[in-house]
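A.B. asks: Here's a structure for you.
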Amino acid sequence: MALKLSEEKREEFEKLQESFMGQRKQHAAASMQLSAIERERQHRSITQQDLKSLPEGTIMYKQVGKMFMQAPAAAVMGELDGEIKGFENMISELGGKRETYEKAMKETEGKLQEIIKAAQSAAA
């Protein structure tokens with residue numbers, strides 16, 4: 001059943017639909033970024049755990065561009081700690097953004113449903 005909407009309501013409905021689609025895309029992008037960063041954090045954590053299990057005095061190398069340079073174990077572990085903390089900060093920021101997008105989507109969806117209900121009650 002096609003709903004009859006006034007020109008003003010139809011324009012508002014279309015704007016809300018566009019807004020909802022944009023919010024959904026932003027939410028999906030934030031979710032994808034979040035999962036990628038979580039994988040990277042987990043990878044660094046596993047690497048750090050493996051390196052901690054090595055005996056003292058083990059020679060370590062870190063990648064610099066396409067080559068590897070010998071580095072002290074403390075420096076390598078410090079870099080891993082810094083990367084993990086950076087990833088955790090990004091995860092919390094993206095989590096907040098994703099929640100904001102979810103709230104905006106729910107609000108927009110509610111407005112769309114209100115317009116539909118108003119049109120259905122007017123048609124009845």
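The values are calculated or read from the model by the stated rules, or taken from the named source; none is laboratory data. What you are looking at is a predicted structure, and each value in this text was computed from that prediction instead of being measured. Cβ sites come from the backbone with ideal geometry, for glycine too, and all protein chains shown count toward neighbours. Calculation scope for accessible area: heavy atoms of the full protein, side chains included, ligands and nucleic acids excluded. Shrake-Rupley method; radii C 1.70, N 1.55, O 1.52, S 1.80 Å.
A.B. asks: Any residue at all in segment 65-87 that's of a type in the set (Lys, Arg), in a helix (DSSP H, G or I) and in contact (Cβ under 8 Å) with a residue 24 or more places away in the chain?
C.D. replies: Checked segment 65-87: no residue is of a type in the set (Lys, Arg), in a helix (DSSP H, G or I) and in contact (Cβ under 8 Å) with a residue 24 or more places away in the chain.
A.B. asks: Applying the selection to segment 91-110, what residues are charged (D, E, K, R) and open to solvent by less than 90 Å² (accessible area, probe 1.4 Å)?
C.D. replies: Of everything in segment 91-110, those that are charged (D, E, K, R) and open to solvent by less than 90 Å² (accessible area, probe 1.4 Å) turn out to be Arg98, Glu102, Glu109.
A.B. asks: Which of the residues that make up segment 41-63 are part of a helix (DSSP H, G or I) and open to solvent by 100 Å² or more (accessible area, probe 1.4 Å)?
C.D. replies: Gln42, His43, Gln49, Lys52
A.B. asks: Could you figure out which of (1) under 30 Å from Ala119 (Cα atoms); (2) open to solvent by 70 Å² or more (accessible area, probe 1.4 Å); (3) touching a residue at least 40 places away in the same chain (Cβ under 8 Å) isn't true of Phe20?
C.D. replies: (2)
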